[in-house]
Amino acid sequence: MQGNLPLLKKNNLKNQEKILILGIETSCDDTCASVVEDGKVILSNVIASQHEIHGKYGGVVPELASRRHVEAIDIIINEALLQAKIKMSQISAVSVSNRPGLIGSLLVGVGAAKAISYSKKIPFMAVNHLKAHLFSNFLEVPEMGPCFTGLIVSGGHTSLYSVGQNWEIKEVGHTVDDAAGEAFDKIARFLGLGYPGGPVIDRLASKGNPSRFEMPRPMIESGDLNFSFSGLKTALIYKTKKEPKILDENNIADLVASFQDAIVDVLVHKTFKACRQSGFEKILVSGGVAANSRLRSMFAQKADSEGIKLYIPPIKLCMDNAAMVACLGYYDYIAGNFSDLSVEVYSRSDI
Amino acid sequence: MHILGIDSSTEKLSIALTSCSEVHYLKNMRTYALQYSRHSGFMKSIIALTDKVLEKAAIDIEEIDYFCVNRGPGDFTGTRIGISLIKTFALSQNKPSAGIDALDIYAMQAAYYNAAKIMQLLSGGLRACIVPAIDIKRDELFFCIYEASLYEGHKCAGKLVYKNRELFINKIGNDSISGAGTFIDSFKEYFKDLLGEHLREYFEKQNNALFFCGTAFASYGSIAAGLRELKHKFFIVKKSLYPDAQYLNICAIYRFYKNGAAIERIMPYYAREFTPFKKK
Ligand SMILES: Nc1ncnc2c1ncn2[C@@H]1O[C@H](COP(=O)(O)OP(=O)(O)O)[C@@H](O)[C@H]1O
């Protein structure tokens, strides 16, 4: 068992038929709370997005994010309970992301989770946000076992993991510069399309021809499993400087479709390569960019032709959410893996 | 009734549990308080310290009737941790909560430590103002003016009662910001605006007193020299340079009896708006 739990003396593990975990997620710019039953039935999944606030600045402003979290946290938790039709006293344990993320944001969620754990005398699990992204797949497919290759692709992360026989997780590749979502956001900002960039580009690209403009496939032949996306952004900007008319209304859809295709192509290539190298038969994808429709269809096609089983959660569970945090918390709970109420928050952390 | 207060708005974390009678609310008040200087963050220790206070008082968190917190202005991170905790305690226990303005707490604390002196001044026809000022960084101070007054007492007891009359402090000015170097000048200007005609009279009677408190006086020793130039009777209340959660609780008790336990949505209180630089 992890942690020495000075306060556990007061914790009475509830002898319930159903295990109800309250999940809290505030690692970046969304205030989220969720109630999940037995690690798989989502009773509520509330997300208060701050996109409008940060949109003005073209990216997340940490101080503003923390301010919104602290204003909303109790309301969002209460809303999650109301929607789930569950009383606070029925909750078996509380689970929260405490790493990695924005410190000021994480502190709000972790403070709230500790307050609930202490005052309701129930166990507390501080979990890794990235691992929770991977586990978002378990909400839909709880019977899934190891081994698999996991790709987490979001606004802050782009990493490949190999999950072995005993659930040991090893990072096998990561981006050496920008995350894929960051590349989407930066290009959208450059093109004046708004924030967050991913969904806008996704929509626009669906009307475009992805083979119209030639885009580099950074590091596709690098030999390792790492990624690089900042060069792609530079290439696109360079192209538009050379030929400003490609920014015209009739060309822009083709332009973003070509850009999106380059990102997706590299992600597909490296993820399947990682899976082959490990000799696995399963791939799990998650994170905000896994909401991308081109990514979903290209991964599905490739999985089909390679005979690999592919798992990508529904779009709402790809984004930051607290259901995945409750789901991961559930597995910690049944394993007796509780956290001490003295845990802190960390901006960086391995999975 | 039992009140739990957390003040994490400065580098000194303060947690207090106050138990008092429902009728004479400040009578037979018992308080268990703990103050702790921060080395890193409070996140690590805040629950254990809260537990310690409750244990000392032999009160379970389920018995708490009212949760309160210093809602700022203060350190951004510390204040947010306190608010997040108190809000969620109240939510999980289904009990009311209150967010108290930082300057109200400093002023209450200063009034408490100087109650006898202030009441003596007031009964002698003199006046007393309490001026908390806090360091809000970037060479700026945030301050406010409170004036003390006496009323026929009815509920209150303890330190704040004098010949059956009760000491109250009323905020008479809105908050304002000034450079630390020019604190005295801005203070005088501000004071003039607020008190208008009364100003002359206030300053003419040099025995009218000014009580200063708050972190500004811990950060900027130079202000004291400026105050001396006022040629006025002034006191720097050393016991109220940092806020103590006991007085946060007393502020909350006053509010409780004035407004009842209204369901309050605690919002942090910032000294200035935050405006990020716009990225191109
Ligand atoms: N349909 C989409 N296509 C591509 N990217 C997307 C799509 N939807 C969201 N994103 C990207 O996902 C990121 C947000 O995902 P999230 O999991 O919340 O990430 P993080 O917490 O790391 O910021 C943003 O960068 C956003 O542009």
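Just a few scattered comments:
- In this structure, A:TYR57 does not qualify as aromatic (Phe, Trp, Tyr), more than 21 Å from A:SER154 (Cβ to Cβ) and within 14 Å of another protein chain (Cβ to nearest Cβ).
- Within segment A:81-106, the set of residues being touching a Ser or Thr at 6+ places or on another chain (Cβ under 6 Å) and either within 11 Å of another protein chain (Cβ to nearest Cβ) or farther than 21 Å from B:ARG265 by Cα (or both) comprises A:ALA84, A:MET88, A:VAL94, A:SER97, A:ARG99, A:PRO100, A:GLY101, A:ILE103, A:GLY104, A:SER105, A:LEU106.
- Selection within segment A:77-109 - under 15 Å from A:VAL325 (Cα atoms) and within 16 Å of the ligand (Cβ to nearest atom): A:VAL96, A:SER97, A:ASN98, A:ARG99, A:PRO100, A:GLY101, A:LEU106, A:GLY109
- Checked against the criteria, B:SER21 does not count as open to solvent by 10 Å² or more (accessible area, probe 1.4 Å), within 11 Å of chain A (Cβ to nearest Cβ) and at pLDDT below 90.
- Unmet requirement for A:ILE77, which otherwise passes all of (1) among the hydrophobic types (A, V, I, L, M, F, W, C); (2) within 22 Å of A:VAL345 (Cα to Cα); (3) open to solvent by 30 Å² or more (accessible area, probe 1.4 Å): (3)
- Taking segment B:28-116 as the region of interest, the helices (runs of 4 or more DSSP H) fully inside it that hold 2 or more residues being among the basic types (Lys, Arg) and more than 9 Å from chain A (Cβ to nearest Cβ) are B:46-57.
Yes or no, residue by residue, for (1) on the phi > 0 side of the Ramachandran plot; (2) within 14 Å of chain A (Cβ to nearest Cβ); (3) in a loop (DSSP other than H, G, I, E, B); (4) open to solvent by less than 50 Å² (accessible area, probe 1.4 Å):
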{"position": "B:GLY226", "(1), (2), (3), (4)": "no, no, no, yes"}
{"position": "B:LYS239", "(1), (2), (3), (4)": "no, no, no, no"}
{"position": "B:TYR242", "(1), (2), (3), (4)": "no, no, yes, no"}
{"position": "B:TYR247", "(1), (2), (3), (4)": "no, no, no, yes"}
{"position": "B:ILE250", "(1), (2), (3), (4)": "no, no, no, yes"}
{"position": "B:ILE253", "(1), (2), (3), (4)": "no, no, no, yes"}
{"position": "B:TYR257", "(1), (2), (3), (4)": "no, no, no, no"}
{"position": "B:PRO268", "(1), (2), (3), (4)": "no, yes, yes, yes"}
{"position": "B:THR275", "(1), (2), (3), (4)": "no, yes, yes, no"}
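Residues are listed down the side, and each one gets a yes or a no for (1) closer than 18 Å to A:PHE299 by Cα; (2) away from the ligand (no atom under 13 Å from the Cβ):
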{"residue": "A:LEU134", "(1), (2)": "yes, no"}
{"residue": "A:HIS157", "(1), (2)": "no, no"}
{"residue": "A:GLU168", "(1), (2)": "no, yes"}
{"residue": "A:VAL172", "(1), (2)": "no, yes"}
{"residue": "A:LYS186", "(1), (2)": "no, no"}
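- Restricting attention to segment A:107-125, the residues that are in contact with a Phe, Trp or Tyr (Cβ under 9 Å, 6 or more places away or on another chain) and more than 9 Å from chain B (Cβ to nearest Cβ) add up to 3.
- Taking strands (runs of 3 or more DSSP E) as the structural unit, those lying wholly within segment A:42-158 and holding at least 1 residues that are in the same structural domain as A:VAL176 (by TED's automatic domain parsing) correspond to A:148-153.
- Of the helices (runs of 4 or more DSSP H) lying entirely inside segment A:275-351, those containing at least 1 residues that are away from the ligand (no atom under 16 Å from the Cβ) are A:293-306, A:323-334.
- Taking first residues from segment A:288-306 that are not assigned by TED's automatic domain parsing to the domain that holds A:LYS273 and partners that are among the basic types (Lys, Arg) and away from the ligand (no atom under 13 Å from the Cβ), no Cβ contact under 7 Å between residues at least 6 apart in sequence or on separate chains turns up.
- Looking across A:GLY164, A:GLY150, one residue alone is away from the ligand (no atom under 16 Å from the Cβ) and away from chain B (no Cβ under 14 Å). It is A:GLY164.
- Residues (in a loop (DSSP other than H, G, I, E, B) and either under 16 Å from the mean Cα position of the chain (by Cα) or more than 16 Å from the ligand (Cβ to nearest atom) (or both)) located in segment A:174-184: A:VAL176, A:ASP178, A:ALA179
- Filter result (open to solvent by less than 10 Å² (accessible area, probe 1.4 Å) and in contact with a strand residue (DSSP E or B) (Cβ under 6 Å, 6 or more places away or on another chain)) within segment A:160-195: A:LEU160, A:TYR161, A:VAL163, A:GLY173, A:ALA179, A:ALA180
- Put simply, of A:LEU317, A:LEU267, A:LEU284, A:LEU341 the only residue that is among the aliphatic types (A, V, I, L, M) and within 21 Å of A:PRO216 (Cα to Cα) is A:LEU267.
The values are calculated or read from the model by the stated rules, or taken from the named source; none is laboratory data. All values derive from a computational prediction rather than experimental measurement. All Cβ positions, even for glycine, are placed from backbone atoms using ideal geometry, and neighbour counts span all protein chains on display. Only protein heavy atoms, including side chains, enter the accessible area calculation; ligands, DNA and RNA are left aside. Shrake-Rupley method; radii C 1.70, N 1.55, O 1.52, S 1.80 Å.
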